[in-house]
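First the structure, in the form of structure tokens, and then the observations on it.
The values are calculated or read from the model by the stated rules, or taken from the named source; none is laboratory data. Given the structure is predicted, the values throughout are model-derived calculations rather than measurements. Glycine also receives a Cβ, built like all others from the backbone with ideal geometry; neighbour counts cover every protein chain displayed.
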Amino acid sequence: MQESLYSRQTGYLIFLYLLGSSLIYVPESFIGRDVWISSFLGSILGLYVLHLFISLQKMFPGQNIMQISKLSLGTFTGTVLNTAFLLVILLIAMLNLFEMVVFLSIIYQHIPRIFLMLVIVLGTSLVVYAGITAAGRTADLFTWPVLVFLILSLLILTPLFQFPNLVPILSQPGRILLGAIYGANWPYIQISLISLILPYVVDLREEGKKIYHWYLIAAGLLIIRALFVQASLGPNILEISRFPFYDAIRLVQFSNFQRVELFFFILFWSVTSSVVILSHRSMVLGLQNFFAIHDYRVFILPTGFLILTLSMYTLPSSLQFNLKEFNTIIFLTLPVNVLYPTVIFLAARWRYKTTPVQKTGSIP
Amino acid sequence: MFYSMLIFIFLIVLVEGRQTVKNKAWKELTLITAITLIAVFYACDYYYNLNFMPNFNYLLHKLQPAAKSLEIFFAF
């Protein structure tokens, strides 16, 4: 059966990915102040990357990004760039699994990390086996409840909103730019993972703008979230907090009913699991495209196993990650995720300026 | 880690291995075996604490000075 997605569903997947990847973490929070401005600036770079991938897909309908890379840059250069992109996808998949498990370890404190990882990877493998069409339908079902829960979670933070925590604005412009770079790296440009499912989108040319709409909705919500979290926690706590949004919700109390954050567990669980699923799927599709294999399903379990072991091996502790690895990963993921589509786009524009691309219409 | 490795190997052989051999898809079988073997090596290395596999962490730690420089550059 031919698998397909609609632009609307792809937009939903981007929405779920962006929220799931950084909703509770607020990666740019280490700058303390003006986090929401950094988040806004970071989202512009993500929009640029998304636009490049969509434009490339429109130029080469039915071809996957790795084929486009080889067509535009030649086999050797294309393969080198594809290898770098594939390694970055693997790194992002490892990080997403690690971050999800670190968060779950707070709630399930007595369950070993390896067991949580095993359950998650086996679960995501099952979902990836269901196929891309099923992923689109699941996104159809999940997006609106997630949106409602998210708005609700922001509304319950309003009693904690303290305007003095937001001022002075623009007091350290350099720190804001630094936060914007880190904010762009995680989560905005990670949507490069979506490039691997774009060949399956059947109405990209007609309805492609819906993908941009959902990206902008997600970015807008993340900026508002950053604003609320900074106003609720204040810059000092925000700077040291591991899960600022979660910590902010934990401060909310309704008379004797405390643990309000558990009410939003469905929100955290659904968005973070969609991130792990999407990164696992992207890795599988990346391997399929790289080795030109007909059926991607053969890679699902081995890839899940590889992501699990590398995640355990490379990222042994949350503390070490915060101190040593968080600020260096950017040097690997940011250049590849930005330069990969940029170089391919420029090469494609230059090479096919006069010769129109044949529309194959076939999904790899 | 040891039990998760066994579970995965069992599932890979059961779900993918049999079908791939049956279809005589040798390219797929080679790739599955290669990926699984890499994962097995890393799992054994982690479980027995051998440190013989290349660790991606070393690269990340080597980039620490660059991260510091970036922070200093934007400290205004």
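Check region B:61-76 and report whether any residue there is at the interface with chain A (Cβ under 7 Å from one of its Cβ atoms), within 23 Å of the chain's Cα centre (by Cα), among the aliphatic types (A, V, I, L, M) and surrounded by fewer than 17 Cβ atoms within 10 Å (Cβ to Cβ). Within region B:61-76, none of the residues are at the interface with chain A (Cβ under 7 Å from one of its Cβ atoms), within 23 Å of the chain's Cα centre (by Cα), among the aliphatic types (A, V, I, L, M) and surrounded by fewer than 17 Cβ atoms within 10 Å (Cβ to Cβ).
How do the pairs read when you match residues in region B:28-53 that are more than 16 Å from B:Leu11 (Cα to Cα) with residues anywhere that are of a type in the set (Asp, Glu), using Cβ under 7 Å and keeping only pairs 6 or more apart or on different chains? What qualifies is B:Asn51/B:Asp45; B:Phe52/B:Asp45; B:Met53/B:Asp45.
Which ones in region B:30-48 are under 16 Å from A:Met94 (Cβ atoms) and surrounded by 21 or more Cβ atoms within 10 Å (Cβ to Cβ)? Hits for region B:30-48 are B:Ala39, B:Tyr42, B:Ala43, B:Tyr46. Residues in region B:16-53 that are more than 9 Å from chain A (Cβ to nearest Cβ), modelled with pLDDT of 90 or more and under 27 Å from A:Asn322 (Cα atoms): B:Cys44, B:Tyr47, B:Tyr48. Condition (residue is of a type in the set (Gly, Ala, Ser), assigned to a helix (DSSP H, G or I) and under 30 Å from A:Leu267 (Cβ atoms)) applied to region A:22-37: is it met by at least one residue? Yes, because at least one residue in region A:22-37 is of a type in the set (Gly, Ala, Ser), assigned to a helix (DSSP H, G or I) and under 30 Å from A:Leu267 (Cβ atoms). The set of residues in region A:55-87 that are surrounded by fewer than 23 Cβ atoms within 10 Å (Cβ to Cβ) and among the β-branched types (Val, Ile, Thr) comprises A:Thr75, A:Thr77, A:Thr79, A:Val80, A:Thr83. When A:Pro316 is tested against (1) at the interface with chain B (Cβ under 7 Å from one of its Cβ atoms); (2) under 28 Å from B:Leu6 (Cβ atoms), exactly one condition is not met: (1).
Against the list (1) closer than 22 Å to A:Ser195 by Cβ; (2) within 9 Å of another protein chain (Cβ to nearest Cβ), the condition A:Thr328 fails is (1). Residues of region A:169-207 that are touching a residue at least 12 places away in the same chain (Cβ under 8 Å), surrounded by fewer than 20 Cβ atoms within 10 Å (Cβ to Cβ) and closer than 22 Å to A:Gly42 by Cα: A:Ile169, A:Leu170, A:Ser171, A:Gln172, A:Leu177, A:Ile181. Taking (1) within 29 Å of B:Phe8 (Cα to Cα); (2) without any contact (Cβ under 8 Å) to a residue 12 or more places away in the chain in turn, A:Leu122 satisfies each apart from (2).
Taking helices (runs of 4 or more DSSP H) as the structural unit, those lying wholly within region A:256-364 and holding at least 1 residues that are modelled with pLDDT under 85 correspond to A:265-291, A:326-351. Answer yes or no as to whether A:Leu170 is at pLDDT 90 or above and either on the phi < 0 side of the Ramachandran plot or outside any helix (DSSP H, G or I) (or both). No, not satisfied.
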